[in-house]
Amino acid sequence: METPSKDPFFGVDISKKKLDTAMWGDTRLWSFFNDAEGIPQLISFLQEKYPALVVVEATGGYEKAIVKALQQAKIPVALVSPKRVRDFARASGLLAKTDKLDAHNIAHFAYALHPRPTPPSTPEQIRLDELLARRRQIVQIIQDEKNRLQKGSQEMRDRILAHLAWLEDEEKNLSREIQSLIDHQPEMKAKADLVRTAKGIGPITASSIVAEIPELGLLDRKAIAALVGVAPMNNDSGKKNGKRRTQGGRQPFRCTLYMATLSAIRFNPVIQRFHDRLIAHGKAKKVANVACMRKFVTILNAMVRDNRPWRSQLVLA
């Protein structure tokens, strides 16, 4: 390892119980409990080191408290996808996996790639994210119950129908709460209203954009496509030209964007013409759909960047 820099880079490997912490250029590992006592201890430790950046992985929710604490302490922190760190470790020839190695791999990732610090979320953004996540869960449970309805006995069907009625009411309640929250936040409402001028973007998709893609309008077209996970990645080696594939990105929003794009292909003349042209040139339907997703999100990005509604999209594109 190299000598630690004056402003060191840290990686924190997060689990349900522990926060294993490593500094790039140092072989030691510091461990803290992931609880109300351990998190302040980690913050105090890092404040003494004046880190240039702390990188943590998204771990299904266990990271939320430490990210919030770091942001409140004004310590720069970047929340990254575990896949990015794993791919970086493989590229560096580090295939073994232990808590100590994981923390050092994250610290190396922080030092080598300098990911953009994650901006603090407002209480309203956190609440909106929670509501959207819960609505997604309810929608999935509704679909599961409908599938079970086809196979159950009459007695079970009655129980399933009663459960479905409750679930559908809950989904409506969540949708109303999501819309009410956005309506009472002027910046959120302005952004949601702007993207909804595009045919294919409904209230839930607009809410997802506000909550899950706050970078929309702040990045260039290539960066926003990569962030969402619709940028084609090369797979070439020597004389071999492999198929380009999309990967990574923010999975929940990519699913939302996919459904919005299917609607746009039917009802949005610009996306519809683009899709038809791709199909006419022999592109597979799935490839054409992903290309439409990429075009759709880059136009939305330009709309938010310039604060211009969809009617101006021909200029923006």
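The values are calculated or read from the model by the stated rules, or taken from the named source; none is laboratory data. If you're wondering where the values come from, they're calculated on a predicted model, not measured in any experiment. Methodologically, a virtual Cβ is constructed for each residue, glycine included, from the backbone with ideal geometry; neighbour enumeration extends over all protein chains shown.
Any residue that is assigned to a helix (DSSP H, G or I) and surrounded by fewer than 16 Cβ atoms within 10 Å (Cβ to Cβ) - is there at least one of those in region 23-40? Within region 23-40, one or more residues are assigned to a helix (DSSP H, G or I) and surrounded by fewer than 16 Cβ atoms within 10 Å (Cβ to Cβ). When the residues of region 103-137 are narrowed to those that are surrounded by fewer than 17 Cβ atoms within 10 Å (Cβ to Cβ) and among the polar types (S, T, N, Q), which ends up modelled with the lowest pLDDT? Applying the filter and picking the extreme gives THR122. Of everything listed in (1) part of a helix (DSSP H, G or I); (2) in the same structural domain as LYS68 (by TED's automatic domain parsing); (3) free of Cβ contacts under 8 Å to residues at least 40 places away in the same chain; (4) not β-branched (Val, Ile, Thr), the single unmet condition for ALA192 is (2). In contact with a helix residue (DSSP H, G or I) (Cβ under 6 Å, 6 or more places away or on another chain) and more than 17 Å from ALA110 (Cβ to Cβ), is that true of ALA89? Against the criterion (in contact with a helix residue (DSSP H, G or I) (Cβ under 6 Å, 6 or more places away or on another chain) and more than 17 Å from ALA110 (Cβ to Cβ)), ALA89 does not qualify.
Condition check ((1) of a type outside the set (A, V, I, L, M, F, W, C); (2) crowded, with 16+ Cβ neighbours inside 10 Å; (3) in a loop (DSSP other than H, G, I, E, B); (4) in the same structural domain as LEU101 (by TED's automatic domain parsing)) across all residues:
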{"site": "GLN47", "(1), (2), (3), (4)": "yes, no, no, yes"}
{"site": "LYS68", "(1), (2), (3), (4)": "yes, no, no, yes"}
{"site": "GLN71", "(1), (2), (3), (4)": "yes, yes, no, yes"}
{"site": "ALA78", "(1), (2), (3), (4)": "no, yes, no, yes"}
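From the list ARG135, ARG116, ARG84, the one residue that fits, being touching a residue at least 24 places away in the same chain (Cβ under 8 Å), closer than 19 Å to GLU171 by Cα and among the basic types (Lys, Arg), is ARG135.
Results for (1) within 30 Å of PHE10 (Cα to Cα); (2) of a type in the set (D, E, K, R); (3) assigned to a helix (DSSP H, G or I), shown as yes or no for each residue.
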site	(1), (2), (3)
LEU101	yes, no, yes
ALA107	yes, no, yes
ALA112	yes, no, yes
THR118	yes, no, no
ARG134	no, yes, yes
GLY152	no, no, no
ILE182	no, no, yes
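The residue list LEU278, LEU218 contains one member that is modelled with pLDDT of 85 or more and closer than 27 Å to ASP129 by Cβ, which is LEU218.
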